[in-house]
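One structure below.
We did not get these values from a lab; they are worked out from the coordinates using the rules stated. Just so it is clear, the structure is predicted and the values come from calculations on it, not from any experiment. Virtual Cβ from ideal backbone geometry, glycine too; neighbours counted across all protein chains shown.
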Amino acid sequence: MVQDLSTLTAFIDGEPMRFNDGDTVLKFIDRHRGRGHVPTLCDAPQLEPYGACRVCSVEVAMQEDGPRRVVASCHTPLTAGMHVFTESPKIRKLRRNIVELVLTDHPLDCLTCEVSGNCELQTVAAKVGIRQVRYPSGANHLNRSKDRSHPYMTSELSKCINCSRCVRACDEVQGQHVLSMHGRGFNARIIKGLDQSFMDSTCVSCGACSQACPTSAISDVFFSKSIEATRKTRTVCTYCGVGCNLNVATKGSEVLSIQAPTDSEVNHSHTCLKGRYAFKFVKHPDRLRKPLIRYNGHFTEATWEEAYDYIAKNLQRIKEEHGGNAVGGISSARCTNEENYLMQKFIRVGFGTNNIDACARVCHSPTAWGMQKAFGTGAATNSIEDLEYTNCILITGANPTEGHPVTGSKIKQRVMKGVPLIVIDPREIELVPYAKHHLQLRPGTNVALLDMFAYYILEAGLIDQDFIKKRCENWEEFEQGLRNLNLDESERTHGVPREKVRAAAIEYASAKGAMAFHGLGVTEHSHGSKTVMTIADIAMMTGNIGRPGVGVLPLRGQNNVQGAADMGCQPHQGAGYLQVNDEANHKLYEEFYGAHMSNEIGWKIPQMYDAALAGKLKALWIMGEDVVQTDPNTEHVKSALNALEFLVVQELFMTPTAEFADVVLPAASFLEKSGTFTNGERRVQRVNAVIPPIPGTKSDGQIVCDIMQRMGIPQADYTPDGVLAEIARIVPFFKGATWENLTDQGTQWPIKEGGIGTEILHVDSFKRGLGKFHFFRFQESKEIEKHHDEFPFILTTGRILEHYNCGTMTRRTGNAQIVTEDLLAIHPDDAAKKGIESGDMVRIFSNRGEVNMKAKISTEVKPGILYTTFHFPENLVNMVTSSECDEDTMCPEYKVVAVDVEKVPASSMPKKQRMMEIA
């Protein structure tokens, strides 16, 4: 039987073409004729069809010689057998007339400007054949003032054509609702917030409006330069674990602008302000440009050869005098997979020790440990794309709109379309007004609350008994633990009314599919691993594993946290998460590297500090980490670094940690190197060098290769494809990864032969065989037990959108003009008792130290709770944090700090600070 082709085809100017279900006429034309064949103004690929400008009009008919009608192709559904006429005389005349009318209220340089590229109206005018405007302009809007208030965003609304693309981008892409159309008819115009400037509005500087605007009526300070670009390179953002793709425009060695690719599966034409705009640190005058060697307490510039000789001589001496275990290394989640892999190889092969660690283990080791114990794999079970299929979203201890902005925006978009959101967090984060349930618990009581959450799922009979029976073990013990809970005690502990917990639990368990996200507010606790396992318990007991729209997804704090752990930058597991003290794994590693290697678990970072103070650790190599600013109990860290015989630091800038070094090596930034990053959904993506390293610097990978060669350790020069090929031979889940087959979209591991990736883990079975339930009773943090009587407030910390981690990079960009300092959030009741007002300088102190900063009176925290960020080194918030840590993984307990707070009298401030306050 011959199938009727009319059910599969439509016609473009008489030519039959196959179409897809759900096509609009414009999508159909764009796919077969190329985008731009039919001109558009109000349409953009990242936005929903709008149909305002009608420039995309075409004629359609159900028969070639049948009656035709004019439609806007962008939102007209395509039907089988439809005939589309894109260039009839009637349509050409209509388009010319529309564009000509638009130009009457627009600066006419579009018709005469010799520089193209930043105004789509110019392109459309040329395409429809407009050479001059016949109509008198009469009344117009050409005298509208420009807005240059913001370090990045600009507007010149005399160029505006009221297409609403900026408004829709703000709503549909970012979900911020800053821009809107005000007025009617001739008086209709775009406004920001309550008719404010960009700087005064609630704009988050994501740039979605700038990228969407067809006329540069709304733009940014870099976009106008992009037309000078001689090259555009696709790479991956250096900031958070979302792993946004970037198109970087360059001319020679200068970065001109950054845009978001429209075809990226990760970020779909979207970035935050850090990814799009915070790149000027690359050429900042503060960049280190020559190696530095400390002689007699002072740094002296040196050549690379001198620095390498000095390092090799000292490391070799220490190894001979004290053994290889006297040496340790700290790697970095800011570096590529290849660089992290080389760093752990250098330490393990070069010194025969497993003393290698990274911030990836420091901040997210409870995730890896807990999920490995429950599922067998310590990584996200699903893809962020699964948000499109989920029926409920649970966020515990994460603030995605600040820390993972593109993912946060996707969550916000789904919630605004009706998907219920549950937020478990001590603060009222930005997503709370959108949430159906906010469980505002006391910091440090995650286990107590989640146990109650699981209890109410069990009580309501909403468990997936079939999933539990077929795919899990240890259910009986877990169930018994839940049934033995003292609910009164649990409620007193976490401070959330039980009915609120019950309603949220039933919401989650009743959903056809539910996704659970968590962040550092889960992991950075003394019971972080137990919280992760309890989240895994809740997912398993409801069957929310192994299919689209469900799963457990950790939100990784830095861009390559997942990759650094994958590569073996942790003392207990080598590349590929193989236990180093397992006999078979030890033999495998020794045969692969052709070297003697240790089969003893090495020191974690806190243990390295203790070992240095005890005289056991003599030398430390730090690649891209500022431990003095970011690690807890700052004075303890400083004492440990001072106790070392030899410290090497690879960095972009002279950081507080680099100040302690014996040798400082100037490294290259992400825009100056190639390799791969692995984002929070296990997606391995190519990082491509956009510009050459600034003179005097080298990529971290090449530095490690150089020193290995200098010390006689077999190692070729650094090439991203060469090191990736070696990784694929030892890391099981990278087996099919090659530089070529990763493609522009990247590939989610496990990567099988032929570059075939894996979007969802644990579909038919868990990595460990059966998923394992674990029940844990709540235990109070030792920090609270020891110090809460003397220091009655609980300080918890986090990050803000505008800055990244210790701020080394973002403070050297325009972001520093948007947010200039860390602030302490304090509840109005507490502030009143302490006589504190917003803007007052306050002293926060614990039994470890103290720090001064300005207060911000806010109901985002409950009474008794304080909150601040840690982006500015003037404050060094970690002066007050403790050395308490997760008992399974030694992840620091940043989120629960016993402190007190008081107003700083003006007379006790330093003179310079008093003058600033007066000003």
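A few comments on the model shown:
- Spatial offset of the range 843-871 relative to the range 652-726 amounts to 37 Å, using the alpha carbon center of each.
- Cα gyration tensor shape for the range 348-401, rounded if a/c is under 1.5, else prolate or oblate: prolate
- Between residue 489 and residue 763, the FRET efficiency from the beta-carbon distance, with R0 = 41 Å, is close to 0.55.
- Taking the range 685-728 and a reference point 7 angstrom along Cα→Cβ of residue 596, the backbone N atoms nearer than 17 Å belong to 712-714.
- Simple spin-label estimate for residue 177 and residue 126 gives 4.1 nm between the two label positions (7 Å along the Cα-to-Cβ direction from each Cα).
- The C-alpha atoms of the chain define a longest principal axis, and helix 89-103 lies at about 60 degrees to it.
- Spin-label model distance (nm) - residue 33 vs residue 232, 7 Å beyond Cα toward Cβ: 2.2 nm
- Neighbour counting of Cβ atoms within 10 Å sorts the residues 884, 759, 583, fewest neighbours leading, into 583, 759, 884.
- Label reach from residue 583 (point 7 Å along Cα→C-beta): in the range 592-624, amide nitrogens under 16 Å belong to 599-600.
- Shape analysis of the range 782-918 yields a ratio of the Cα radius of gyration to the Kirkwood radius, Rg/Rh, of 0.97.
- Degrees, to the nearest 10: 634-643 long Cα axis against longest axis of the chain: 60 degrees
- Globularity ratio of the range 204-339, using Cα Rg and 2.2 N^0.38 Å: 1.49
- Shape call, the range 637-787: gyration tensor on alpha carbons, a/c limit 1.5: oblate
- Peptides ranked, highest mean first, by Cβ atoms within 10 Å: ranges 285-297, 302-314: 302-314, 285-297
- Note on the chain: percent of Cα-Cα distances in each 20 Å bin, starting at 0 and stopping at the bin with the largest distance, equals 13, 43, 34, 10, 0.
- For the pair residue 88 and residue 187, a Förster radius of 51 Å applied to the C-beta separation gives a FRET efficiency near 0.90, rounded to the nearest 0.05.
- Cross-link reach is defined here as a Cα-Cα straight distance under 26 Å, omitting same-chain residues fewer than 8 places apart; for residue 146 the lysines meeting it are 159, 192, 225, 274, 280.
- Part-to-part distance (alpha-carbon centres) for the range 315-390 and the range 273-298, which is given in Å: 25 Å
- Taking 158, 201 and counting other C-beta atoms within 10 Å, the order from fewest to most: 158, 201
- Residues in the range 146-167 that a label on residue 221 would reach, taking backbone N under 19 Å of a point 7 Å out along Cα→Cβ: 146-157
- Pairs from 587/752; 345/616; 232/345 whose Cα-Cα separation, in the structure shown, is over 32 Å: 232/345
- Length released on extending from residue 477 to residue 149, taking residue separation times 0.36 nm less the Cα-Cα span: 112.0 nm
- In this label model, residue 286 and residue 779 are separated by 4.1 nm, measuring between points 7 Å along each Cα→Cβ vector.
- Extension reserve of the residue 8-residue 498 stretch, reckoned as 0.36 nm per residue once the Cα distance is removed: 170.8 nm
- Length released on extending from residue 140 to residue 306, taking residue separation times 0.36 nm less the Cα-Cα span: 53.0 nm
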